[in-house]
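The values are calculated or read from the model by the stated rules, or taken from the named source; none is laboratory data. Just so it is clear, the structure is predicted and the values come from calculations on it, not from any experiment. Note that we place each Cβ from the backbone using ideal geometry, even for glycine, and neighbour counts take in every protein chain shown. Just the protein is used for accessible areas: all its heavy atoms, side chains included, with ligands, DNA and RNA removed. Shrake-Rupley method; radii C 1.70, N 1.55, O 1.52, S 1.80 Å.
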Amino acid sequence: MTILERIRGLRQPILMVICTLLILGFFVPWVTNNPDLETFAYSEIKLSGFDIFRGYQSLVAVVDPLISTLGYAALGKLLYLGYILILLPVISVASIVLLGIRHAKASLVTWINFVAHTVLVLGLFLLIMINGDLRTLFFTIMSFSLGYYLMMLMSILGVVTLVITRRK
């Protein structure tokens with residue numbers, strides 16, 4: 001029995017574990033203070049996806065005008081897409097439930113789950129890495145933490161698992 005056949009045989013539990021880790025990653029801190037940042041008014045920052053969602057209204061109200069004045073008005077408007085952040089754990093729970101009851105649409109919901117996670121999490125990471133000013137600003141103040149990297153890794157692993165185990 002090859003590894004591919006074993007993965008195909010254990011497809012459902014593997015996908016359920018990945019979805020569970022995605023939910024866990026949403027509630028574990030995504031960003032923390034940069035350890036090299038030393039200011040006179042130091043306060044420890046640890047924000048999970050849930051914390052970011054809860055404070056998103058005040059964040060958008062402050063950051064959108066700031067980004068617009070820097071000449072990135074379209075980027076400021078893209079911040080409003082962050083409200084779909086709360087759908088990430090919801091769709092992961094739906095994937096776990098549908099996989100557990102072996103529903104016919106479980107594969108479709110799981111595909112949507114992993115692709116949405118990959119696009120949002122990896123897209124944000126690439127946006128920060130590609131834009132030099134944004135990268136400097138972000139990494140001067142903060143750094144990505146365990147939860148963010150867990151979500152990025154699990155979403156990519158989920159897509160890879162679905163591609164490897166798909167039926168023709």
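From the list Asn33, Asn113, the lone residue that is out of contact with any Leu (no Cβ under 8 Å at 6 or more places or on another chain) and open to solvent by less than 40 Å² (accessible area, probe 1.4 Å) is Asn33. Filtering Ser68, Ser92, Ser43, Ser48 for residues that are of a type in the set (Ser, Thr, Tyr) and modelled with pLDDT under 80 leaves a single hit, Ser43.
Note on the stretch 157-168: residues that are in contact (Cβ under 8 Å) with a residue 24 or more places away in the chain and not in a helix (DSSP H, G or I) amount to 0. Here Ile52, Ile45 are screened, and the one residue that is touching a helix residue (DSSP H, G or I) at 6+ places or on another chain (Cβ under 9 Å), under 18 Å from Ser145 (Cα atoms), without any contact (Cβ under 8 Å) to a residue 60 or more places away in the chain and surrounded by 12 or more Cβ atoms within 10 Å (Cβ to Cβ) is Ile52.
Here's a check for you: in the stretch 128-147, which residue that is out of contact with any helix residue (DSSP H, G or I) (no Cβ under 7 Å at 6 or more places or on another chain) and under 30 Å from Leu15 (Cα atoms) is modelled with the lowest pLDDT? This residue is Ser143. Does any residue of the stretch 25-36 turn out to be outside any helix (DSSP H, G or I), aromatic (Phe, Trp, Tyr) and in contact with a strand residue (DSSP E or B) (Cβ under 7 Å, 6 or more places away or on another chain)? Yes.
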